[in-house]
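Please read the structure below before turning to the comments.
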Amino acid sequence: GIQVEQSPPDLILQEGANSTLRCNFSDSVNNLQWFHQNPWGQLINLFYIPSGTKQNGRLSATTVATERYSLLYISSSQTTDSGVYFCAGAQTGANNLFFGTGTRLTVIP
Amino acid sequence: NAGVTQTPKFQVLKTGQSMTLQCAQDMNHNSMYWYRQDPGMGLRLIYYSASEGTTDKGEVPNGYNVSRLNKREFSLRLESAAPSQTSVYFCASRTGLLNTEAFFGQGTRLTVV
């Protein structure tokens, strides 16, 4: 299967700061998603982004498929952004989404 | 707009007991999945059903069985629970077309003692 490496594993931010989370894949993926797992354990879909750039409010994501990585940008972080951020990817037509081990973000007031 | 619904949310089992985790989706999706999440790890695929009437093994199928009851429902059964199956279980679905977004249920936290 695909190996998914996320960095950094842990991140502590002051409220209002910006951050960049990275996801590297061992092989080409054509199905890439970013999720936020909140402190209650729910997995929230952030972006479906096999390539290109998308923005949703303070969050944006960029995937460079040819170089097998994706970035998630969080601007003006808030305490509600705390939790674990996962990226996951699958090869074309494959059913299995392979997950990274996540980046644990803590935003302090 | 329920999306993917899992029951129960929490369960404690004794070693050797059996149970079935239920999952239903109302998005008319063809494909459904069961994942498990262990502490400090991402999700790993147990079983999936690419379409109604089919099921296939994922990365970690040992100790589990599944049933695709109809297009909406996909259940996961533990025949003889073991402490190693203590985990959080997530069900997911997607349309089944190539390269589409997956949506997850709220999870079932299972403890086997």
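The values are calculated or read from the model by the stated rules, or taken from the named source; none is laboratory data. None of the values given here were measured: they were computed from a predicted structure. Here the Cβ is made from the backbone with ideal geometry for all residues, glycine too, and neighbour counts use every protein chain on show.
Just the residues that are surrounded by 13 or more Cβ atoms within 10 Å (Cβ to Cβ) and either among the hydroxyl-bearing types (Ser, Thr, Tyr) or within 12 Å of another protein chain (Cβ to nearest Cβ) (or both), please, taken from the range A:55-74.
If we filter the range A:55-74 for residues that are surrounded by 13 or more Cβ atoms within 10 Å (Cβ to Cβ), which is where we start, we get A:58-63, A:65, A:68-74.
A:Ser60, A:Thr62, A:Thr63, A:Ala65, A:Tyr69, A:Ser70, A:Tyr73, listed by residue number.
Could you name every one of the strands (runs of 3 or more DSSP E) located completely within the range B:21-93 that has at least 1 residues being at pLDDT 95 or above and surrounded by fewer than 17 Cβ atoms within 10 Å (Cβ to Cβ)? If you could, list the steps in order and put the result at the bottom.
On the way: elements: B:31-37, B:43-49, B:65-68, B:74-78.
The strands (runs of 3 or more DSSP E) meeting that bar are B:65-68, B:74-78.
Looking at the range B:17-38, which of its residues are over 13 Å from the mean Cα position of the chain (by Cα) and over 24 Å from B:Glu79 (Cβ atoms)?
The first filter runs over the range B:17-38 and keeps only residues over 13 Å from the mean Cα position of the chain (by Cα), leaving B:17-18, B:26-30, B:38.
Within the range B:17-38, B:Asp26, B:Met27, B:Asn28, B:His29, B:Asn30 qualify.
Consider A:Ile2 against the criteria (1) surrounded by 15 or more Cβ atoms within 10 Å (Cβ to Cβ); (2) assigned to a strand (DSSP E or B): it satisfies all of them except one. Which criterion is unmet?
With respect to (1) surrounded by 15 or more Cβ atoms within 10 Å (Cβ to Cβ); (2) assigned to a strand (DSSP E or B), A:Ile2 is out only on (2).
Please indicate, with yes or no, whether at least one residue in the range A:4-15 is among the charged types (D, E, K, R), within 10 Å of the chain's Cα centre (by Cα) and over 17 Å from B:Gln37 (Cα atoms). Steps first, please.
To start, the set of residues in the range A:4-15 that are among the charged types (D, E, K, R) comprises A:5, A:10, A:15.
Narrowing the set further to residues that are within 10 Å of the chain's Cα centre (by Cα) leaves none.
No, the range A:4-15 contains no residue that is among the charged types (D, E, K, R), within 10 Å of the chain's Cα centre (by Cα) and over 17 Å from B:Gln37 (Cα atoms).
Considering each residue of the range A:14-49, count those that are surrounded by 21 or more Cβ atoms within 10 Å (Cβ to Cβ) and not in a strand (DSSP E or B), and give that number.
Final tally of qualifying residues: 2.
Pairs, please: C-beta under 6 Å, at least 6 apart or cross-chain, first residue within 11 Å of chain A (Cβ to nearest Cβ) and within 18 Å of B:Asn62 (Cα to Cα) and in the range B:25-49, second acidic (Asp, Glu) and assigned to a strand (DSSP E or B)?
Filtered contacts from the range B:25-49: B:Tyr48/B:Asp56.
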